[in-house]
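Below is one structure, written out as structure tokens; comments come after it.
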Amino acid sequence: MRIQVVDVAGEGLPKILVIARSLERPEGDRKLSDANGRIPPFDLKAGIYQLIAIDSHGTRPTTVQEVIVGGDPLDLQIELPIPATDTDGELIPQIEVPIKVLDTGGQPVPNAIVLGRDPEAKSIRFYRTDRQGNVTPRLDVNDAYVVVFHMGKVYTERVEVDSLYRWNACADLQCISRQLDNIKPVQSRTFRLK
């Protein structure tokens, strides 16, 4: 398993804490990146994990990536984005997003594991597709990720919900309530697995 933490230009970032958190059992590991952004090898059992990269001494936002350990050797880069505006402590409403999961031949994928989460994985929920490959996860209205685990592979897609909700536009509950009423229903999305 080779992991490197980089900035948007591809340069290695030192002193970034990377936590490998199992999504199946209460276990994990943590390592600090070296001067070139490389992470020492993790000692992990086979399974589904989240790799959480935290810039504990800086201002870059936490980044999360899901991986499967135990199949092909991992060789990946975790990119930490440029610092963003802080929204910690704000209530972010959620909306149901209908999703259909299809295989490479365009056939529905039943019983696939689907994870809905925010960018920093502070809020995560698991789902399974039905017999027709359908699932309806609840996602944050402004920024969310959908992760599909199927046949030993991980498929991740950012989902931006087109809504009129703006987290910083209100200071009182009546205004927030009006904003929530303006959230439009979401169009169905299709995931085609490669």
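The values are calculated or read from the model by the stated rules, or taken from the named source; none is laboratory data. Just so it is clear, the model here is predicted, and its values are computed rather than measured. Here the Cβ positions follow ideal geometry from the backbone for every residue, glycine too, while neighbour counts run over all protein chains shown. Ligands, DNA and RNA are stripped out before the accessible areas are found, and what is left, the full protein with its side chains, is counted by its heavy atoms. Shrake-Rupley method; radii C 1.70, N 1.55, O 1.52, S 1.80 Å.
Scan the range 1-41 residue by residue and report those that are modelled with pLDDT of 90 or more, in a loop (DSSP other than H, G, I, E, B) and closer than 24 Å to residue 58 by Cβ.
Selection gives 13, 14, 15, 16, 33, 34, 35, 36, 37, 40.
Quick one: residue 126 ticks every box in (1) outside any loop (DSSP other than H, G, I, E, B); (2) open to solvent by 20 Å² or more (accessible area, probe 1.4 Å); (3) at pLDDT 90 or above; (4) not hydroxyl-bearing (Ser, Thr, Tyr) bar one, so which box is it?
Going through the list (1) outside any loop (DSSP other than H, G, I, E, B); (2) open to solvent by 20 Å² or more (accessible area, probe 1.4 Å); (3) at pLDDT 90 or above; (4) not hydroxyl-bearing (Ser, Thr, Tyr), residue 126 breaks only (3).
Out of all the residues in the range 129-142, which are touching a strand residue (DSSP E or B) at 6+ places or on another chain (Cβ under 7 Å) and assigned to a loop (DSSP other than H, G, I, E, B)? Show your work before the answer.
Residues of the range 129-142 that are touching a strand residue (DSSP E or B) at 6+ places or on another chain (Cβ under 7 Å), as a first pass: 129, 132-141.
Answer for the range 129-142, where residues must be touching a strand residue (DSSP E or B) at 6+ places or on another chain (Cβ under 7 Å) and assigned to a loop (DSSP other than H, G, I, E, B): 129, 132, 133, 136, 137, 141.
Only one of these is touching a residue at least 12 places away in the same chain (Cβ under 8 Å) and out of contact with any Phe, Trp or Tyr (no Cβ under 7 Å at 6 or more places or on another chain): 3, 48. Name it.
Numbers: 48 fails: out of contact with any Phe, Trp or Tyr (no Cβ under 7 Å at 6 or more places or on another chain).
Checking each option against the conditions leaves just 3.
Do the conditions hold for residue 109, that is, is it open to solvent by less than 10 Å² (accessible area, probe 1.4 Å), touching a Pro at 6+ places or on another chain (Cβ under 8 Å) and either at pLDDT 85 or above or over 19 Å from residue 50 (Cβ atoms) (or both)?
On the way: open to solvent by less than 10 Å² (accessible area, probe 1.4 Å): yes; touching a Pro at 6+ places or on another chain (Cβ under 8 Å): no; either at pLDDT 85 or above or over 19 Å from residue 50 (Cβ atoms) (or both): yes.
When the stated conditions are applied, residue 109 does not pass them.
Specify the residue that is most open to solvent (accessible area, probe 1.4 Å); the eligible residues are those in the range 129-138 that are out of contact with any Phe, Trp or Tyr (no Cβ under 6 Å at 6 or more places or on another chain) and not charged (D, E, K, R).
Taking the range 129-138 as the starting set, the residues that turn out to be out of contact with any Phe, Trp or Tyr (no Cβ under 6 Å at 6 or more places or on another chain) are 129-134, 136, 138.
Subset that is not charged (D, E, K, R): 129, 132-134, 136.
On the way: 129: 9, 132: 98, 133: 0, 134: 55, 136: 66 Å².
Ranking the qualifying residues of the range 129-138, first place goes to 132.
Need the failing condition index for residue 36 against (1) open to solvent by 30 Å² or more (accessible area, probe 1.4 Å); (2) touching a Leu at 6+ places or on another chain (Cβ under 8 Å), just the number.
Condition (2) is where residue 36 drops out.
Residue 43 is checked against (1) within 29 Å of residue 151 (Cβ to Cβ); (2) surrounded by 12 or more Cβ atoms within 10 Å (Cβ to Cβ) and fails just one. What number does that condition carry?
Only one criterion in (1) within 29 Å of residue 151 (Cβ to Cβ); (2) surrounded by 12 or more Cβ atoms within 10 Å (Cβ to Cβ) is unmet by residue 43, namely (2).
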